[in-house]
Amino acid sequence: MALTLLVNTILLAIPLGGSVGTLVGIDAHLAATGQKPLFSSDGTSDGSGGSSGGSTGGGSGGSGSTTNNGLTNTQYCETSFGISPPSQGEQYTLNPNQWGVTDSTSGALCMNVTTFNNETYPTKTTAPDWSVTWQFDPGPETQPVHAFPNIQIEDVLPVALDKMEEIDFNLHWTYSVGNTVAESTDFTTLDSESLQCNVAVDMFFDSDKATAQGSTTAQFEVMVWFARFGASSDPIGYADGVVTNHTINGTIFGLYTGTNSNNQTVLTWIASEKTEQFQGDIYPLITDLYTLSGTTYPSKTDYMGIFQFGTEAFSADTNVTFGVSELSVDIKKS
């Protein structure tokens, strides 16, 4: 299925004063990967969004930036590109992370990042506003995930699990059909578009500090899913059922366990209902793992080497937009 996209030239205002740019560079991306352009030469579009520099936070990349009222929005359609906005508080790195995209992939993804030019955010742990618009046809059963666009903490890890006291997590995300960020999610409409994805925290643990910082080498992958859409997004170990439950501020999380193709143990906490807004300490979802019997669970002396939040993009029949208008992560150490 060819990616169909109607470019909306209006910037959408979202909380914290950010704005999300439209996908002005996606035709260039499709042309570069040999896919059909979005527009014909009938005057509706010139088919080229340009490819300027102006990346957010250093380096080259991005398909153009827009600056207004002390905010800069930059778009990235690269397969992989580290975006590290300067900040006087918590340091984050964002990445389109289209790790499952190949030459035969039909579809595309672009990430928009909005930053404060004065490098000062509402709190020391507040992340920049960001969003992704994407559409992919279903991939092969052996590799259904096309991308995990995400934001990652940079300056507090690795850290031993028993040296933590709290992981305060404040979140507001939305998903919508189309190219703009919605104020709230219309779950019925998304289901009608056969959306296959999840919304998740992704963490990696290992007894070795260096190994814990490798997403394919760490012994444990621990995830916290706030939503899942479609049967293709079933977690590893889903057929075996829930191992245990834990409730945080009214949200019930069930734990599933299994092993992935990298021979890593994958432990997935999934909210019993789609949770668009969340505020609470998710550290107990880690400490609960110590109480479970067997060798397939991490030890309190293991290290957390990676903490990311994003959406695993499997497939969708049309363009969908995932927006993160509120996010802060505060890992408090003892």
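Points worth noting:
- Residue check for Asn260: surrounded by fewer than 14 Cβ atoms within 10 Å (Cβ to Cβ), in contact (Cβ under 8 Å) with a residue 12 or more places away in the chain and on the phi < 0 side of the Ramachandran plot: yes
- Here Gly294 fits the description: at pLDDT below 95, farther than 27 Å from Thr115 by Cα and not polar (S, T, N, Q).
- Given (1) in a strand (DSSP E or B); (2) within 22 Å of Trp134 (Cβ to Cβ), index of the condition Leu255 fails: (2)
- Members of segment 193-225 found to be of a type in the set (D, E, K, R) and over 18 Å from Thr275 (Cα atoms), listed by number: Glu193, Asp206, Asp208, Lys209, Glu221
- Among residues of segment 143-162 that are of a type in the set (A, V, I, L, M), those with a beta-carbon under 6 Å from a residue that is part of a loop (DSSP other than H, G, I, E, B) at least six positions away or on a different chain give the pairs Val145/Gly100; Ala147/Asn97; Ala147/Gln98; Ile151/Ala127; Leu161/Lys300; Leu161/Asp302.
- For Ser328, the test of being in a loop (DSSP other than H, G, I, E, B) and either buried (at least 20 other Cβ atoms within 10 Å of the Cβ) or of a type in the set (S, T, N, Q) (or both) is failed.
- Boolean, Pro149 is of a type outside the set (Val, Ile, Thr), surrounded by 19 or more Cβ atoms within 10 Å (Cβ to Cβ), out of contact with any Gly (no Cβ under 8 Å at 6 or more places or on another chain) and under 30 Å from Ser207 (Cα atoms): no
- Scan of segment 117-127 for residues that are of a type outside the set (Ser, Thr, Tyr) and either at pLDDT below 95 or over 20 Å from Ala182 (Cβ atoms) (or both), ordered by number: Asn117, Asn118, Glu119, Pro122, Lys124
- From the list Ser293, Ser328, the one residue that fits, being under 24 Å from Thr93 (Cα atoms) and among the polar types (S, T, N, Q), is Ser328.
- Test: residue in segment 58-73 that is at pLDDT below 50 and surrounded by fewer than 24 Cβ atoms within 10 Å (Cβ to Cβ): yes
- Filter result for Val266 (in contact with a Phe, Trp or Tyr (Cβ under 9 Å, 6 or more places away or on another chain), assigned to a strand (DSSP E or B) and surrounded by 14 or more Cβ atoms within 10 Å (Cβ to Cβ)): yes
- Residues of segment 181-192 classified as modelled with pLDDT under 95 and surrounded by 20 or more Cβ atoms within 10 Å (Cβ to Cβ), total: 1
- Some residue of segment 207-214 being out of contact with any Pro (no Cβ under 7 Å at 6 or more places or on another chain), assigned to a strand (DSSP E or B) and surrounded by fewer than 20 Cβ atoms within 10 Å (Cβ to Cβ): no
- Members of segment 215-244 found to be over 30 Å from Asp137 (Cα atoms), surrounded by fewer than 15 Cβ atoms within 10 Å (Cβ to Cβ) and touching a Ser or Thr at 6+ places or on another chain (Cβ under 8 Å), listed by number: none
The values are calculated or read from the model by the stated rules, or taken from the named source; none is laboratory data. Remember, predicted model here, so these are calculated numbers, not experimental data. Methodologically, a virtual Cβ is constructed for each residue, glycine included, from the backbone with ideal geometry; neighbour enumeration extends over all protein chains shown.
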